[in-house]
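Read through the structure below, which is laid out as structure tokens, and then see the notes.
The values are calculated or read from the model by the stated rules, or taken from the named source; none is laboratory data. Everything quoted here is computed from the prediction, not taken from an experiment. Glycine gets a Cβ as well: all are built from the backbone with ideal geometry, and neighbour counts include every protein chain shown. What goes into the accessible areas is simple: the full protein's heavy atoms, side chains included, and nothing from ligands, DNA or RNA. Shrake-Rupley method; radii C 1.70, N 1.55, O 1.52, S 1.80 Å.
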Amino acid sequence: MNSFSQISRQIMPERIGAAFHLAVAEAWSFVGRTAPNPPVGCVLLDAQGDVLVVAAHHQAGSAHAERLAVEQARALGVVERIDTAVVTLEPCNHTGRTPPCTEALLSTPVKTVWIGCADPNPHVQGGGAARLEHEGITVNRLWQCMNAAATYARCRALLAPFAMRMTHGRPWVTVKQALDSKGSMVPPKGQKTFTTPASLRLAHTLRRVTDGIVTATGTVLADRPTLTVRHVEDHPERRRLLVVCGQEKHAPAEWLASVSAAFDVRFCPDIAQLPDILAQSDALWVLVEAGPTLLEALKTHNLWDDWLTIRQDASGQDHLAVSTQHDVTPLSLFPEWVRCAQEQVCFPVS
């Protein structure tokens, strides 16, 4: 009798799809903490397709997803039952701060490895898969399966910021813009926001999953924003990049001293310098929170990857709309998007 892992490479079995869903969800919980490494999830299955372990990479310098999954399987006493590994990203085959993930998998009786995305690093592309195949492991790739388009898109969405860094040398840039029912970004007098509590939580979740924030001196002078993660739990001891577009002399000293406790602050006097400043950081994904002047400049210089608009209607309900310059966006992994996957254009916050 064939094992579960020996099913045709052209069709993704239902349990493999379910395992990828678990792997992406586990990796998503650590997005915003792994830079400069990508977020990666790994699920280990037995010969019947039952889940043994679900793991993900937590942060740079710690075990990668595959190695952590194998370590957990050993601790649980199930390592000898491992038949199939499902990984959102091709396992690495080089030694960096941690040993190769291929070696961790090869230390088990694994027979089949399913890969969600090829490694976008041009220096190591295909190395992990080739190493596994050389050792007799069957390697299945989502992009070669006729029924895996949606699953493949989720893996690519998870990887998109890292892929941007690998291929273009800069982080993924998400713009968040809030508009009232009249199309204005200006909150009522005495308020810093006009969006609903649900939208506020979403905004802070965005801060949590990103590695840095881009703002402008105009926003600093108007709001003295802390730009920290609140309303949702942040990653522990997380320090992020903060790029302020404008002259440092225009930033209030007390505000600068305050944000410097939580951010590595950089000033960008010329918008044309922003790509280089971002490239010099380890950030994979940055969030733009600023006023209309900077947002217009980003549009003019085409310095954005996706654009989240929170628009309030006359009744006070917020609606989200996403524009992207790519065929995938990490914003698609937010539950608000998933609940309205049929539209993927505009949906209410509730």
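A few comments on the model shown:
- Ordering Thr112, Val54, Ile82 by the projection of their Cα atoms onto the charge dipole of the range 25-119, which places +1 on the Cβ of Lys and Arg and -1 on the Cβ of Asp and Glu, puts Val54 at the extreme positive end.
- Among beta bridges that DSSP assigns inside the chain, antiparallel share in %, nearest 5: 35
- Set of the range 38-55 residues, backbone N closer than 15 Å to the point 7 Å along the Cα-Cβ line of Ala18: 43-54
- Excluding ligands, DNA and RNA, the accessible surface per residue across the chain is 45 Å² with a 1.4 Å probe.
- For the chain, the dipole from Cβ point charges (+1 on Lys and Arg, -1 on Asp and Glu) about the Cα centre works out to 420 debye, to the nearest 20.
- Percent carbon-and-sulfur accessible area, the range 94-155, ignoring ligands, DNA and RNA, probe 1.4 Å: 52
- From the coordinates shown, Rg/Rh (Cα atoms, Kirkwood Rh) corresponds to which of [x] 0.99; [y] 0.94; [z] 1.01: [z]
- Length added when fully stretched, Val51-Ser323, from 0.36 nm per residue minus Cα-Cα: 94.3 nm
- Comparing Gly49, Gly17, Gly316 in a Gaussian network model of the chain where C-alpha atoms under 10 Å apart are linked, the largest mean-square fluctuation is found at Gly316.
- Dipole size of the range 13-159 about its Cα centre, with +1 on Lys/Arg Cβ and -1 on Asp/Glu Cβ: approximately 320 debye, rounded to the nearest 20.
- Listed by chain and number, the aspartates and glutamates whose alpha-carbon sits under 18 Å from that of Lys299, ignoring those within fewer than 8 places in the same chain, are Asp270, Asp276, Glu289.
- Accessible surface of the range 243-324, 1.4 Å probe, proportion on carbon and sulfur as whole %: 49
- Candidates Ala25, Ala257, Ala321, ranked by Gaussian network fluctuation over the chain, Cα under 10 Å, top entry: Ala257
- Each of Ala130, Ser29, Cys145 was scored by the projection of its Cα onto the charge dipole of the chain, and the greatest displacement toward the positive side belongs to Ser29; charges sit on the C-beta of Lys, Arg, Asp and Glu.
- Here the Karplus relation 6.51 cos²θ - 1.76 cosθ + 1.60, evaluated at θ = phi - 60°, turns the backbone of the range 202-214 into coupling constants of 4, 4, 6, 5, 4, 4, 5, 7, 9, 9, x, 10, 10 Hz, with x for every Gly and Pro.
- Cα-based helix-to-principal-axis angle, 14-28 vs the chain, degrees rounded to 10: 40
- Förster-model FRET efficiency, 35 Å R0, Ala253 and Ala279, C-beta, rounded to 0.05: 0.80
- Cut-off 19 Å, label 7 Å out along Cα→Cβ of Arg201, residues of the range 289-310 by amide N: 310
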